[in-house]
């Protein structure tokens, strides 16, 4: 206790206390924060429409309606989930395959999640059921999304004209109104990029075969694959977010290091 | 010499200079060259004067040096870049080594920037050093300005240098804009497109101005060569000329110093240029160069190959200017749309003009004018070579912090979309937060800063009168408790009491001695009001009489129990009220 009392006026005392407080807060939060609830039930694998229907009723019907006719929340004209007739197997494969559906809670926008709740067979069954309701875009073939068959330069031009205004020049994502956003395209599979263009999930416009040919879609996939896989010339990218992160870096690290050097040099004089 | 007494004639040689070894060959050569130059230029005197010049030492005096060195780094690396950069909007098809752009049509400016980045040895690192040094140049200018402002270094006789500095700061950001607009990639082209739009919002003359600047309608093929001339010739020439005047005035007027033992308004305490300061400042150049080179080697900046060539139809999310233009961009994001007016077939886009055309010159005009405003209020005509501690000018420090807050709100508002995606918030909410903060935060920050300064001044008074709290509690035999206060060393005390006592200017009585009304000029009344605003609740330093009284009462210790208000405390409170 004496040692503590003697050191309480030490110059580092405040910093140490602050670190201790931050650490304790973090530790307490992680100890008491609620675990995300496991909402999905284990479903049986099946290829058939019937099995897909069963999966749908067990996991999706509370928002999308028992027959995928869509449901409202009951407040104003808000919808809990849209009608799904005609969205096609591609939409199911995109939404469920990227972990966006089933949504853990209603929100501005369904976020991508690595925690995909269904197996590939289950997703295919769900897609088969939705496709049986009305015709819609299909899951693309392996060949249609093969980046090696596309031209990254053409894809880059198409990307800058059609996609960069929301997804940013490097596919790092961008903000939309009222909390909606265009997500980052880093490490998204070619199949899911193709499906997103074909079905226009959430705020995204539809780029169907009439306004963007399958070849153009493959070029864009080739472009995104190239910039995902290339090493970064010039060093760390700071998130590829443009001048904002560069300015922040200059103020925090550039100025911080140089002022540190100046203080050190100034102290050498005395 | 023991032999000197042996020969009487040796006495005649007493007082003669003894044998001097001839200077070494190297010294003779240097002396010879120096003499040769001096004979022809007369440079020995002024150079000797400069070499003996004394500079005071403090880390914050090196912030301006960071700016100076960054500028030199920009000049050196920029010269390298001009060897390969082609300032032309001429059409070409890329066939260099960056695969994702091969076969894409683009301008020669963009193609040559790609060439520098990917096919010139060391080109990319030099480009990155150039850009990072430009960011550090503008950052260092701003923090250097903070230091000068908050320590009152802009007071007489240095007002001219403050104005020159403000112009330098403005030129630096214009130079930066011209520079990052050159590569003709998607981001810089978007910046030029935005600039064209801003100029168009100038009432009446806007569209003519744009045609003049672009040599026709946007984009044309004139803007890149014109920006290039401005960036490598015109603005750097003015920058260097003004910078020379800036640093020449520092040498002429001598550098200011912080108050301390032996430091007065009439001397400079520090080290001479030769050898100490030259070594330190020279060494600091290499530190700055080294740090910027290290950052440039590790961290990517402005990846123009990612943005692709400029094309007026696309635009990328996250299109922002470099940070120093951010405040103007932020103002545009905060301005409401209803400020656009239509009448008689004309459009007045105040929603753009206020942020794009008015704010930028306004900020730098306010900066340049401040020393004259403060001098007018204080009527202070004396020369000041001792710096003020920021707490000893609470209102000025508050004004400065409020200004920084407003600027920061503008600057952060320019990043509202990045904040929205990185913090998971709504861009609309963020924009409204900044709109409200722009009006609420500066007054709050002013008030808080001023109160903190006054409290620090009061604590300084306490420390002078009662010494430093030691944290040691002493119990007397009769059971009373004391905290022992340690007496200050005189040199520590000096720093706390050296500043001048201030009081608001008094308005002359409204009637003269004959009872005749003497209408005070309106300007005098304004001055008196402003003076009250600055100095009404000033906390003044401990006077020698107050200090003597405190010692007389033997208040090295302070009773914890039965605390009676000490006369010194009362007197200090009385001063506060007066």
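What to note about this one:
- Among the residues listed as B:163, B:148, B:142, the single one being in a helix (DSSP H, G or I), within 13 Å of another protein chain (Cβ to nearest Cβ) and in contact with a helix residue (DSSP H, G or I) (Cβ under 8 Å, 6 or more places away or on another chain): B:142
Quick grid of which residues meet (1) more than 7 Å from chain B (Cβ to nearest Cβ); (2) within 29 Å of residue B:327 (Cα to Cα); (3) touching a strand residue (DSSP E or B) at 6+ places or on another chain (Cβ under 8 Å):
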| position | (1), (2), (3) |
| --- | --- |
| A:210 | yes, no, no |
| A:222 | yes, no, no |
| A:235 | no, yes, yes |
| A:249 | no, yes, yes |
| A:261 | no, yes, no |
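- Total residues in region B:95-109, condition in contact (Cβ under 8 Å) with a residue 60 or more places away in the chain and more than 13 Å from every other protein chain (Cβ to nearest Cβ): 2
- Some residue of region B:472-485 being without any contact (Cβ under 8 Å) to a residue 24 or more places away in the chain and under 20 Å from residue B:393 (Cα atoms): no
- Test: residue B:67 is crowded, with 21+ Cβ neighbours inside 10 Å, more than 18 Å from residue A:261 (Cα to Cα) and touching a residue at least 40 places away in the same chain (Cβ under 8 Å): no
- Selection from region A:153-183 of residues that are within 21 Å of residue A:106 (Cα to Cα) and more than 7 Å from chain B (Cβ to nearest Cβ): A:176, A:180, A:183
- In region B:271-284, the qualifying residues are those that are within 11 Å of another protein chain (Cβ to nearest Cβ) and surrounded by fewer than 16 Cβ atoms within 10 Å (Cβ to Cβ), and the one that is modelled with the lowest pLDDT is B:276.
- Candidate set from region A:9-35 (those that are surrounded by 10 or more Cβ atoms within 10 Å (Cβ to Cβ) and either within 14 Å of another protein chain (Cβ to nearest Cβ) or in a loop (DSSP other than H, G, I, E, B) (or both)); member that is modelled with the highest pLDDT: A:13
- Against the criterion of being more than 11 Å from chain A (Cβ to nearest Cβ), in contact with a strand residue (DSSP E or B) (Cβ under 9 Å, 6 or more places away or on another chain) and free of Cβ contacts under 8 Å to residues at least 40 places away in the same chain, residue B:92 qualifies.
- Which listed residue is in contact with a helix residue (DSSP H, G or I) (Cβ under 9 Å, 6 or more places away or on another chain) and modelled with pLDDT of 85 or more, from B:457, B:488: B:457
- Residues (within 14 Å of chain A (Cβ to nearest Cβ) and touching a helix residue (DSSP H, G or I) at 6+ places or on another chain (Cβ under 6 Å)) located in region B:395-416: B:407, B:410, B:411, B:413, B:414, B:415, B:416
- Selected residue [within 36 Å of the chain's Cα centre (by Cα), free of Cβ contacts under 8 Å to residues at least 24 places away in the same chain, assigned to a helix (DSSP H, G or I) and under 22 Å from residue B:389 (Cβ atoms)] from B:524, B:492: B:492
- Total residues in region B:207-229 satisfying the condition of being in a helix (DSSP H, G or I) and buried (at least 19 other Cβ atoms within 10 Å of the Cβ): the figure is 6.
- For residue B:329, the conditions (1) farther than 19 Å from residue B:174 by Cα; (2) outside any loop (DSSP other than H, G, I, E, B); (3) more than 19 Å from the chain's Cα centre (by Cα) are fulfilled apart from (1).
- Hey, residue B:125 surrounded by fewer than 23 Cβ atoms within 10 Å (Cβ to Cβ), out of contact with any strand residue (DSSP E or B) (no Cβ under 7 Å at 6 or more places or on another chain) and either within 14 Å of chain A (Cβ to nearest Cβ) or at pLDDT below 95 (or both) or not: yes
- Selection within region B:292-328: residues that are more than 24 Å from residue A:226 (Cβ to Cβ) and surrounded by fewer than 20 Cβ atoms within 10 Å (Cβ to Cβ). The member of this set that is nearest to the other protein chains (Cβ to nearest Cβ) is B:297.
- Only one of the numbered conditions (1) closer than 27 Å to residue B:303 by Cα; (2) in contact with a strand residue (DSSP E or B) (Cβ under 8 Å, 6 or more places away or on another chain) is violated by residue A:217, and that is (2).
- Unique match (being touching a residue at least 60 places away in the same chain (Cβ under 8 Å), more than 30 Å from residue B:61 (Cβ to Cβ), assigned to a helix (DSSP H, G or I) and within 31 Å of the chain's Cα centre (by Cα)) among B:176, B:189: B:189
- Residues satisfying the stated conditions in region A:215-234, i.e. part of a loop (DSSP other than H, G, I, E, B) and crowded, with 16+ Cβ neighbours inside 10 Å: A:234
- Scanning region A:235-259 for residues that are under 24 Å from residue B:284 (Cα atoms) and surrounded by fewer than 19 Cβ atoms within 10 Å (Cβ to Cβ) returns A:248, A:251, A:252, A:253, A:256, A:257, A:259.
- Filtered by the rule that a residue be modelled with pLDDT of 90 or more, exposed (fewer than 14 other Cβ atoms within 10 Å of the Cβ) and within 20 Å of residue A:151 (Cβ to Cβ), region A:197-214 gives a lone residue, A:213.
- The helices (runs of 4 or more DSSP H) found entirely in region B:379-473 that carry 1 or more residues being crowded, with 17+ Cβ neighbours inside 10 Å and in contact with a strand residue (DSSP E or B) (Cβ under 9 Å, 6 or more places away or on another chain) are B:416-423, B:427-466.
- Filter result for the condition that a residue is more than 11 Å from chain A (Cβ to nearest Cβ), in a helix (DSSP H, G or I) and within 20 Å of residue B:437 (Cα to Cα), over B:367, B:373, B:354: B:354
- Residue check: residue B:259 meets all listed conditions (1) over 30 Å from residue B:541 (Cβ atoms); (2) touching a residue at least 12 places away in the same chain (Cβ under 8 Å) but one, namely (1).
- Qualifying residue in region A:190-205 (condition: facing another protein chain (nearest Cβ under 7 Å) and free of Cβ contacts under 8 Å to residues at least 40 places away in the same chain): no
The values are calculated or read from the model by the stated rules, or taken from the named source; none is laboratory data. Here the structure is a predicted model, which is why all the values come from computation and not from measurement. So basically every Cβ, Gly included, is an ideal-geometry build from the backbone, and we count neighbours across all protein chains shown.
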